[in-house]
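Below: the structure, in C-alpha cells.
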Amino acid sequence: MVSLQDLSQRLQAEDPEERQIVSGVSWEGYESLLDELGDSLRYRVTYLDGVIELVSPSRRHARNKSNIGSLVEIYCQEKRIPYFPLGSTTFRKEEKRGGTEPDESYGIGEDKEFPDIAIEVVVSSGGLDKLEVYKPLGVREVWFFQKNKF
C-alpha cells in the first residue's frame, strides 16, 4: 500500500501520465491532499469511497483537452447556447463520498454547483470508474475522449 506522502515522490520519478492509486483514505485525508496540492495544475485528483487516484497529465493530454474545450465553446457561441466554462475545478461532496477534477467542464444555462457536462481525456487505461464519481454529483453528461474519438 502506498502512503499519501510517498505518492508525490513516486509521481515525480515516473511517467507523467502514469496514475497512482491509494486505498483506505478518509475524506479528511482526501481534503488534506487537496489542500497540500493547492491550485496546482500538475495533478488531477479523484476520490471515490476511500480510494484516491492521482494523475499527472501529459502534454498530449493537455493538448487534447484544450482542443476539445475550444470546440465546445465555439459550438455554444455559434448556436447561441448560454454556457459557462468551469475548467478543471474540483467538484466534491462528502456525503456522496466522491470528488473529481474533470479535464474540462461546462454549465449550460444558469450557474450551478456542478457542471452539466464533464470532459475526460483518457490517455492510459485503468483507474477509478469516473462515471461512478460523477453520478452522485448530478453531472448530466460525461464525455470520454480516448484514442482520438468519443
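Only the coordinates and a few stated rules stand behind these numbers; no lab work does. Source: prediction; values computed, not measured. No Cβ is skipped: glycine too gets one built from the backbone with ideal geometry, and neighbour counts run over all protein chains shown.
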Checklist line | Expected 222 nm ellipticity per residue - DSSP helices of 4 or more, -39500 (n - 2.57), all of the chain, to 500 | finding: -9500 deg cm²/dmol
Check: If you compute Cα extents along the principal axes in Å for the structure shown, which of (1) 49, 34, 24; (2) 35, 32, 30; (3) 69, 31, 27 do you land on?
Finding: (1)
Note to self: 7 Å from Cα along Cα→Cβ at both LYS147 and SER32: what's the point-to-point distance in nm?
What the structure shows: 4.1 nm
